[in-house]
1. Identify all residues within segment 46-61 that are in contact (Cβ under 8 Å) with a residue 12 or more places away in the chain and open to solvent by less than 70 Å² (accessible area, probe 1.4 Å); write none if there are none.
2. In segment 40-62, what residues are of a type in the set (A, V, I, L, M, F, W, C), outside any loop (DSSP other than H, G, I, E, B) and closer than 21 Å to ARG12 by Cβ?
3. Give me the residue from segment 1-31 that is closer than 23 Å to MET57 by Cβ and assigned to a strand (DSSP E or B) and, out of that set, least open to solvent (accessible area, probe 1.4 Å).
Amino acid sequence: MAQTIMIDPVTRIEGHLAVEVEVEGGVVVNAKSMGMLFRGLELIMRGRDPRDAVQLMQRICGV
């Protein structure tokens, strides 16, 4: 029998985020995350190296 773990809200981020994980026998069998706020910052990262995110987002976001 799977156990469902829900973390809502996830803290220390801007906006609202929830994570739901199903665990069966100590193994994650299903997981999903739900973001309820779109700010558009992700669009700036399109086509860029993922390592650029650290430098760009910390200066734009202000969190």
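The values are calculated or read from the model by the stated rules, or taken from the named source; none is laboratory data. Given the structure is predicted, the values throughout are model-derived calculations rather than measurements. Because the Cβ atoms are built from the backbone with ideal geometry, glycine has one as well, and the counts that use them run over all protein chains shown. Accessible surface is based on the protein model in full, side chains and every heavy atom, while ligands, DNA and RNA are left aside. Shrake-Rupley method; radii C 1.70, N 1.55, O 1.52, S 1.80 Å.
1. Our first condition is that a residue be in contact (Cβ under 8 Å) with a residue 12 or more places away in the chain; within segment 46-61, this holds for 56-57, 60-61.
Selection gives LEU56, MET57, CYS61.
2. Keep residues of segment 40-62 that are of a type in the set (A, V, I, L, M, F, W, C), which gives 41, 43-45, 53-54, 56-57, 60-61.
Subset that is outside any loop (DSSP other than H, G, I, E, B): 41, 43-44, 53-54, 56-57, 60-61.
Selection gives LEU41, ALA53, VAL54, LEU56, MET57, ILE60, CYS61.
3. Looking at residues that are closer than 23 Å to MET57 by Cβ and assigned to a strand (DSSP E or B), I get ALA18.
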